Structure formats: structure tokens, C-alpha cells
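Step one of this worksheet: look at the structure below.
The values are calculated or read from the model by the stated rules, or taken from the named source; none is laboratory data. Since the model is a prediction, treat every value here as computed from it, not as a measurement. All Cβ positions, even for glycine, are placed from backbone atoms using ideal geometry, and neighbour counts span all protein chains on display. Note: accessible area is taken over every heavy atom of the protein model, side chains too, but ligands, DNA and RNA are not part of it. Shrake-Rupley method; radii C 1.70, N 1.55, O 1.52, S 1.80 Å.
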Amino acid sequence: MASIRELHQQLVSKERSCTEVTEAALAQIQQLEPKLHSFLAVTAEQALEQARQVDAQIAAGQPIGPLAGIPIGIKDNLCTQGIPTTCASRILQNFIPSYESTVTQKLQNAGAVMVGKTNLDEFAMGSSTENSAYQVTANPWDIERVPGGSSGGSAAAVAAGECVVALGSDTGGSIRLPASFCGVVGLKPTYGLVSRYGLVAFASSLDQIGPLAQSVEDAAILLGAIAGYDPQDSTSLNVAIPDYTQSLIPDIKGKRIGVIQETFGEGLDPVVEKTVQEAIQQLKDLGAEIKEVSCPRFRYGLPTYYIIAPSEASANLARYDGVKYGFRAEADNLLAMYKQTRSQGFGAEVKRRIMIGTYTLSAGYYDAYYLKAQKVRTLIKQDFEQAFEQVDVLVSPTAPTTAFKAGEKTTDPLTMYLSDLMTVPVNLAGLPSLSLPCGFDPQGLPIGLQMISNVLCEGILLQVAYAYEQATPWHKHSPQV
Amino acid sequence: MTSAAPVKTQYEAVIGLETHCQLKTTTKIFCSCATDFGAPPNHQVCPICMGMPGVLPVLNQKVLEYAVKAGLALNCQIASYSKFDRKQYFYPDLPKNYQISQYDLPIAEHGWLEIELVDAAGDPCHKKVGITRLHMEEDAGKLVHGGSDRLSGSTYSLADFNRTGVPLCEIVSEPDLRSGAEAAEYAQELRRILRYLGVCDGNMQEGSLRCDVNISMRPVGQTKFGTKVEIKNMNSFNAIQRAIDYEIERQTEALECGELIIQETRLWEEGTQQTISMRVKEGSSDYRYFPEPDLCAIELPAEQLVQWQSELPELPAHKRHYYETELGLSAYDARLLTDDRVVAEYFESTVVAGGNPKQAANWIMGDITGYLNNHKLSITELALQPQGLAELIVLIENSTISSKIAKDLLPELLSRGGSAKEMVERQGLTQIADPGTLTTMINEVLLAHPQELEQYRNGKTKLQGFFVGQIMKKTGGRAEPKITNQLLVQKLKG
């Protein structure tokens with residue numbers, strides 16, 4: 001599918017109407033969904049209505065913004081007023097929000113055309129999108145394989161051209177991992193850059209909304225549209241938002257790029273390692289200064305994450321009790337209703353994390369787990385701070401492997417958790433980070449390169465990514481579903 | 001050999017209060033819903049206070065201001081770094097199934113409050129009661145149970161979330177109180193302070209001030225605390241006192257019989273004037289507190305603190321002291337006048353306008369309070385301004401009018417306001433004190449009543465009152481009583 005800029009030019013020059021663009025996306029969805037299952041709901045009617053409005057605007061000679069008329073997929077953990085928002089959970093089956101999330105409101109105002117709500121791991125808890133209560137999304141490069149998670153629906157939809165761009169959410173890698181597995185660009189912004197109001201919370205101190213796109217440029221445009229201070233989110237940062245497209249300069253001469261030593265070695269697929277090393281060489285060839293950097297506490301990211309995230313989740317998910325909305329199991333008394341609603345309404349992984357989080361916050365265990373994890377979190381942050389005294393951008397593989405087969409890791413949660421090894425420390429530190437394609441393995445599966453920059457330095461991140469992207473052919477490949 | 005009777009153990013009560021005060025903000029603590037009492041169920045709710053998926057709290061800055069001011073007024077240390085925490089428990093009136101509260105870093109700590117008591121000899125004395133902490137939190141909703149008063153046994157329950165997210169300030173006292181009377185006095189003084197600050201209505205009937213009591217007994221002289229019992233459901237100061245007195249008696253009797261006190265929560269029943277067991281606490285509940293990640297920590301700038309400190313009004317204890325020592329009022333009068341800030345301010349304005357303090361106090365506590373009660377008015381709604389009252393007092397003091405005339409003038413002054421002086425002049429009510437004028441009038445009266453004069457001179461001196469009455473009638477009550485009497489007696493005696 002064409003890029004945002006190309007589509008915008010086609011719309012403005014009246015080469016194509018927005019309705020035609022939308023219909024093309026809907027046709028692609030109709031054709032591919034039986035295989036991919038990226039969408040939990042396709043909002044064709046609303047999409048065509050929005051498209052007609054944009055067409056009317058163009059016809060009336062009114063100026064339109066870059067995102068007007070662009071088909072977009074929205075992860076189904078973002079509240080959309082009047083449109084079911086399920087978080088791929090049975091407990092929110094038929095839940096229809098009475099309000100609109102800040103990001104989707106911004107996109108609506110920008111004229112973007114939401115074509116549907118994309119699949120995810122239940123409540124964004126997972127690395128493969130297999131934890132959805134409704135369907136398993138296939139990887140467009142190999143439908144036997146997973147798209148990564150938890151924003152697997154969004155990544156697969158973008159990779160397969162069901163929409164131009166999509167929103168995902170990233171708590172421990174949920175944008176970057178599926179971006180890596182599906183061969184697209186995925187960006188997790190600085191914590192607080194994008195409002196979380198209306199994002200159904202998984203782990204509040206880690207969650208961040210971000211774009212999934214076919215190119216760095218598309219990601220930059222979408223980021224610009226959703227970023228910005230929101231008085232409804234107390235953790236949102238009150239900072240001026242630059243024009244991120246201004247950072248898209250294919251020149252990184254003299255930029256200091258650090259290679260995180262700890263992300264190479266044991267557990268890393270040799271093909272992924274080799275490919276990422278080649279990408280680093282490419283960056284060097286482009287004029288960047290490459291440094292080896294050590295983040296000694298990086299490896300504690302995973303255990304730290306798997307205490308903090310479930311702790312917060314155990315409280316965030318307490319509200320799903322059958323009393324007010326969503327699924328309710330009928331029972332004889334209140335306690336039985338609570339228990340049956342939650343045991344039937346939540347899937348295994350969600351229940352596992354609620355139990356872990358309840359345990360780690362319990363009296364007598366709090367200090368040993370939650371408090372200790374918070375201390376380690378501070379140390380991990382310090383490692384990054386020290387690293388950014390020496391370099392502008394850090395690089396690593398996004399994931400230790402390429403996409404694995406559906407069902408391969410579902411019986412072993414710990415192996416599944418290892419997929420997040422490279423990405424979770426970034427969330428713990430609140431840093432911006434993106435994943436972009438840097439090659440393919442012998443089976444033709446995409447490999448992702450992770451880039452990390454300092455707080456609010458999305459610009460340099462986009463610049464390095466853009467320079468790399470423009471110098472390499474990877475983004476030109478498309479899957480044949 | 002002598003045998004001593006066994007010495008009966010004397011017990012003392014150890015009492016602490018936990019007070020929940022609804023802060024008088026127009027909107028809720030984390031959303032912009034209204035806080036008015038008495039709206040139809042679920043009419044003051046939004047996705048945020050309903051705990052809908054994806055919503056986030058934003059702290060109402062007025063809540064912080066009110067809590068800090070309350071903390072300052074209670075002599076607390078205000079935390080330079082404070083935070084909110086999640087207190088987790090499942091209950092249908094709590095939409096998120098956690099309450100946003102403050103756990104280990106409350107906004108204010110280590111304060112005290114001084115109460116006025118009467119000692120064994122009947123003399124007034126003071127007692128300092130420690131304030132352990134003060135913190136901010138959100139209120140829960142209300143459940144209406146069908147088929148039973150309580151959740152257990154009800155066939156259905158309806159949830160009303162109007163109150164969900166109404167800002168509360170919880171104030172915990174040290175276990176410094178020793179009797180029902182002390183506890184009631186503490187609660188009253190606390191309410192007075194909160195009302196002076198304008199941060200809380202203190203309406204116990206509507207639940208905007210709720211006191212829970214922790215009470216235990218121990219032998220006098222023992223430092224270790226006994227087993228604690230919590231009492232709830234008192235909706236007046238009187239009920240607090242009686243519930244504690246009842247509980248002291250109940251626990252003392254139990255201890256004297258060698259029984260153990262059970263750690264439990266008991267409810268005060270107004271009907272039977274007893275406490276009844278509500279639930280027995282088995283170990284302490286684990287609320288799994290942890291820092292609220294959706295809210296930033298509160299770091300109060302020093303200038304802000306100074307600003308709020310400077311906005312504090314003069315507090316009731318200070319006013320009482322001033323009234324007694326500088327204005328010469330009795331402790332009783334001082335207490336009555338300062339109970340309500342607006343009454344105290346009315347009184348003070350009257351004094352500033354030249355009214356004699358004792359007279360001003362008498363008028364305000366007597367006729368004016370009576371009038372306000374009859375007409376269900378607040379003193380701020382009174383047409384008579386403090387200047388008007390001060391004028392009236394001055395007119396009496398300098399003998400321009402009599403107290404009787406003043407009383408006659410009062411109803412109109414109260415309902416229509418205006419200047420007492422002008423009214424007196426307009427209606428020609430100035431007292432007649434000129435001896436010449438009075439003598440003329442006395443002579444006329446004596447001439448008109450020869451019979452009575454005769455009788456008086458024959459020894460029926462009681463008739464003096466009759467002549468005074470006639471003079472008053474003739475002058476419309478304006479004759480200055482003292483001079484009139486002097487002159488009259490002279491004339492009567494011939």
C-alpha cells in the first residue's frame with residue numbers, strides 16, 4: 001500500500017477519492033481476514049462515513065491534514081465511543097465505551113479513517129497475540145507463525161496492507177516485538193509523550209501508545225498526530241511537540257551509536273545476531289560512530305518487569321467484577337458472582353499475572369518483590385542515563401528470534417516471556433524506542449533492529465532510523481499472504 | 001491480725017478518633033462531577049468516577065489546598081513530598097475495587113489540637129490531643145440493599161455512585177482521650193476548626209463528618225494498651241459521648257468478670273443506646289497498598305505553603321482566649337460566640353463599631369439568636385448590620401434611649417436593618433431626661449389623679465409605680481427612669 005504522503009498527494013490532486021482509498025483497504029481486509037484474523041471488528045460503515053466527510057472537504061476546496069482520509073487500524077484496547085472495545089477479553093465482551101480515548105479523538109479530528117479494531121493478547125498481556133479470547137492472528141509472512149504481541153493485530157494489518165498505519169500500545173515491547181516479527185516500523189514514544197486517557201490500563205507506569213507503520217516517515221507523521229500534553233492524563237508531559245518529519249534527514253555522519261553488549265550472546269538466534277551486526281556495520285558505513293556500550297543491569301529488566309507489570313495489572317484489572325459493565329456470571333451471592341465472573345471472564349495468562357501481582361503486593365512479600373523491583377528499575381534507568389552520556393542512540397536486536405510457530409510457546413510462559421528480553425528495560429526506563437526491519441532469516445521471516453534514544457529524543461531516533469531505512473532495501477519487501 | 005479488703009482494679013479508657021471529613025469542593029477529587037448532596041442516584045457520575053476502563057484520575061487542586069490548610073490549622077508538619085496509593089479491596093460501592101488514598105506518605109503528620117475541659121473541681125482546663133496524621137482520599141459510593149439493611153441477607157442491592165470520588169480528608173488522633181466527654185469535645189473542636197477554614201460542612205447527619213472511635217481499657221498505671229474495639233455509626237457529638245460511656249462500662253464490667261475483650265467493630269444503636277457487634281476482626285486485612293502510578297507525587301513548593309498559611313483565618317481557640325482576656329467575657333460566652341465563625345465575626349464587627357463587648361454578646365446570644373432561630377436564618381442574612389447593633393448599644397449606654405425602647409425597636413431593625421440612631425430620631429424616641437420637662441409632666445399627672453395622690457400621701461406608697469406608669473404612658477416610654485423616679489418621689493412627698 002502507498003505511504004501516507006503518497007496517498008495524501010493522490011487525495012489532494014483528486015487522483016483518488018478518500019472513499020476509493022477506504023474501499024480498497026476494506027477490500028484488502030475482506031480478502032485477507034479469513035487467513036490473518038488481524039481485526040476483532042471492522043468498522044466499514046463508520047470508515048466510509050468518515051471518508052465521505054473528507055471527500056466533501058476536498059471537494060469544497062478546504063485544506064486537509066496529512067492524515068485525513070488515511071485508513072488506520074486501532075488496537076482494541078483503545079476506547080472508541082459507541083464502538084465495542086474488548087481488549088480481546090471475554091470479560092469485556094460487548095463492552096461499548098461511553099467516551100473516546102484522547103488519541104482516537106485526535107485522529108478523528110485529523111480526519112484519519114478508522115477501518116477497525118485490531119486483535120491483541122488479552123489486555124495486552126502476551127508476546128504472540130495468541131492470548132486473545134477471540135482469535136489467533138497470523139503472521140502475514142508465514143501464516144503458520146505468530147505476528148508477535150501484544151499489538152499483533154495492528155502489526156499484521158499494516159504489514160499486509162489492510163490499513164496504512166495502526167496504533168498499538170507498548171508496555172514491555174508490545175509495539176516493537178510485533179513490528180519486528182511482521183517486518184514493519186514500530187515506535188514506542190517516551191513515557192508521557194502520548195496521552196494514555198482511554199487506553200485500557202495494563203501497567204500504568206509502563207504503558208505507552210505508539211504507531212505501527214510501513215515506513216519511518218509514516219511512523220513520524222502518526223506520532224506527530226497523537227503526541228502532546230493532555231490535562232486528562234496526570235503523567236502526560238507538558239512539552240512542545242516538534243514536527244517529527246523535520247528529523248527525517250538521511251544523514252547520520254558523526255552520530256554516536258552505542259551497541260548494547262548485554263543484548264548479544266547466549267539466547268540470541270545466530271541469524272538474528274549476524275543480521276543485526278550487519279545493520280550496525282551499515283550504520284557505520286553511513287558515517288555513524290559505533291561504540292560498544294555496557295548496561296550491566298539490562299539483564300535484570302525481565303524479572304523486574306515481571307514483578308512491576310503484574311503488580312500494577314492486578315489493581316488495574318480489579319474493576320472487572322461483573323458489577324458495572326462487561327461480562328457477568330450469574331451466581332447466588334456477591335462473592336460467588338465475583339469469583340465466577342473473573343474465573344470465566346479472564347484467560348489463563350491474565351489470571352496468571354493477576355495472581356503474580358497480587359502475591360508481589362501482599363503484606364510480607366511487598367518489600368522482597370515490588371519494592372526491590374522498583375529499586376532495580378532505578379538502577380536500570382541509571383545504566384541508560386550513563387550510556388546516553390556517551391552516545392545518541394543505542395541499538396540492539398528487537399527480539400532474540402524471528403517469529404515462532406503458533407502454539408510453539410503457549411505451554412511454557414517463561415520461554416514466551418524471553419521474547420521481551422530486549423524490549424522491557426526500555427519501558428522500565430520510560431525511553432523512546434523503535435524497531436525497524438533490518439533483514440530476513442533463511443525462511444524469509446523479518447528481523448527487527450531496535451533503536452533507543454534518550455527521553456524525548458524521538459527526533460534523533462527517527463533520523464537514524466530514516467537514514468538506515470533509506471540506505472537499505474528491507475522496507476520495500478511485502479509479504480505475499 | 002488485720003485483713004484488708006481486696007483492692008478493686010481501677011481501669012482507664014484509652015480512646016482515639018478517626019474522623020472522615022468531606023472536603024467542601026464543588027467538584028470531585030479526581031474528576032469534574034458535582035459533589036452536591038441529595039441528587040437522584042447516579043446523576044453525578046462520569047466515566048472517571050465510575051471506574052470505566054481506560055480512565056485516569058487528575059487531582060483537584062482545591063482538595064490539596066483544603067487538606068494542607070486543615071493540616072496547618074491542626075499544627076501538623078506538611079509533607080514536602082507526598083503521594084497517593086491504591087488501597088485494594090473488593091466491594092460493589094467501589095467501582096475500581098481500589099480506593100485512591102494515601103498510605104505511608106500522608107500530606108500532614110504530627111499535629112495537635114487543644115480542647116477545653118472542666119476538671120474535677122469544676123474549673124476550666126485545657127488538654128492537648130495529638131494528631132497522628134491527615135490524608136486525602138476518595139469516598140466510595142452508596143449501596144441500597146433490598147430485602148435487608150445490610151448486604152448479607154439482601155435479595156438485591158443497588159449501587160449509587162454519586163458519592164464515589166467525593167474528596168475526603170481522614171484525620172487520625174493519637175490515643176490521648178480518656179472519656180466520652182473528652183472525645184466529644186475533641187470532635188466538636190475539630191469540626192469548629194474545619195468550619196472556620198471553610199473546608200468542611202461538618203454535617204454529621206448528612207455524613208460530611210464521620211467519626212469512628214477506637215477504644216480500649218487498661219488498669220490505671222499500666223502503659224500497655226488493652227484490646228482495641230472500634231465503634232461506628234454515631235451521628236452526633238452526643239452519640240459519640242454516650243457510645244463511649246456505654247463502651248467503657250461494658251468493657252469494664254467484662255474485665256471485672258475476668259472476660260477477655262474481643263477485637264471487633266461495634267455499631268452504636270441510637271434506639272437501644274447500646275453498641276452491638278458488627279464484625280470480628282481476624283488478623284489485619286491486607287489492602288496491598290502500592291503507589292498510585294496514574295498520579296504524580298505531590299511536591300509542594302515552599303511559596304505555595306507560605307501562601308496558604310497566610311490565608312488561614314483566626315481559629316476558635318485563639319478567639320476564645322482573646323474574648324476572655326481582652327474583652328472580659330466569661331468562658332461560657334466566649335465559647336458560645338466563637339462556635340460559629342460568622343457569629344464571631346459579627347460580634348467582633350459590633351465591638352469594632354463601638355459596641356460594648358458584654359452588651360454586644362448579650363444581644364447576639366439573646367434576642368438576635370432567638371430571631372435567627374425563629375426565622376431559620378444565618379447571621380449573615382440578617383438585615384441589621386453590626387454597625388446598627390453597635391449604635392443601638394451606644395444609644396442605651398449614653399441614655400439616649402431606654403432598654404425598653406431598644407427592645408421595641410429591635411424587631412424592625414432585625415428585619416429591615418438601617419441605623420438605630422436615625423430610627424430613634426425619626427420616631428422621636430429620644431429619652432426625656434431634662435428635669436424641667438419631666439417636672440412639668442409629673443405635675444400634670446399628679447393634678448390628673450388627686451385621689452391616688454391622696455392615698456399615697458396617706459401611706460399607700462406602692463402607688464409610686466402607678467404614677468411612673470402614667471408618666472411613661474404620657475411620654476410614650478421615653479421618660480428617663482432614674483431621674484423620673486427621683487423627681488416623682490420629691491413631688492409625691494409634697
Between the stretch B:48-71 and the stretch A:331-394, the Cα center-to-center distance that results, in Å:
24
For the stretch B:314-427, count all C-alpha to C-alpha pairs, find those more than 25 Å apart, and express that count as a whole percent of the total.
19
Compute the distance in nm between two label points, each set 7 Å from the Cα along the Cα-to-Cβ direction, one at A:Lys375 and one at B:Lys62.
4.3
Is there a quick way to get the dipole size of the stretch B:368-418? I mean about its Cα centre, with the Cβ of Lys and Arg at +1 and of Asp and Glu at -1; what is the value in debye to the nearest 20?
140
Net charge contributed by nearby residues that have their C-beta within less than 12 Å of B:Gln77 (K/R +1, D/E -1)
0
Dividing the alpha-carbon radius of gyration of the stretch A:235-302 by 2.2 N^0.38 Å, where N counts its residues, gives 1.46
Positive-end residue, the protein assembly as shown charge dipole about Cα centroid, Cβ charges, pick of B:Leu438, B:Gly198, A:Gln340
B:Leu438
Overall Cα dimensions of the stretch A:66-131, principal axis frame, Å, largest first:
35, 26, 16
Please give the Cα centre distance for the stretch B:373-432 versus the stretch A:435-479, rounded to the nearest Å.
88
Output the antiparallel fraction of DSSP beta bridges having both residues in chain A, as a percent to the nearest 5.
65
Span per principal axis, largest first, for the Cα atoms of the stretch B:11-305 (Å)
57, 54, 33
Report the Rg/Rh value for the protein assembly as shown, based on alpha-carbon coordinates and the Kirkwood definition of Rh.
1.16
How large is the convex hull of the Cα atoms of the stretch B:44-191 per residue, expressed in Å³ as a whole number?
150
Packing-based ranking, highest mean first, of A:459-469, B:155-165 given that Cβ atoms within 10 Å are counted:
A:459-469, B:155-165
For A:Arg352, put the label point 7 Å out on the Cα→Cβ axis and report which residues of the stretch A:114-135 keep their amide N under 19 Å from it.
A:120-135
Cα-Cα P(r), chain B, percent of pairs per 10 Å interval:
4, 15, 20, 20, 15, 10, 8, 6, 3, 1, 0
From the Cα trace of the stretch A:337-467, what convex hull volume per residue do you get, rounded to a whole Å³?
155
Note down the net charge around B:Pro106, summing +1 for each Lys or Arg and -1 for each Asp or Glu among other residues with Cβ under 14 Å from its Cβ.
-4
How far is the Cα center of the stretch A:126-198 from the Cα center of the stretch B:245-309, in Å?
48
Once the convex hull of the C-alpha atoms of the stretch B:435-493 is built, how many Å³ does it hold per residue, rounded to a whole number?
65
What's log10 of I(q)/I(0) for chain A at q = 0.09, 0.14 Å⁻¹, Debye sum over Cα points only, no solvent?
-0.54, -1.37
Other residues with Cβ under 15 Å from the Cβ of A:Pro63 give, with Lys and Arg +1 and Asp and Glu -1, a net charge of 0
Per-residue ellipticity at 222 nm attributable to helices in the protein assembly as shown (runs of n ≥ 4 DSSP H, -39500 (n - 2.57) apiece, nearest 500 deg cm²/dmol) works out to -11500 deg cm²/dmol
Given Cα positions, please report Rg to Rh for the stretch B:369-425, the hydrodynamic radius being the Kirkwood one.
0.97
Please report the buried accessible area for the interface of B with A, total over both chains, probe 1.4 Å, in Å² to the nearest 100.
2700
Beta bridge orientation in the stretch B:208-313: antiparallel %, DSSP, nearest 5:
70
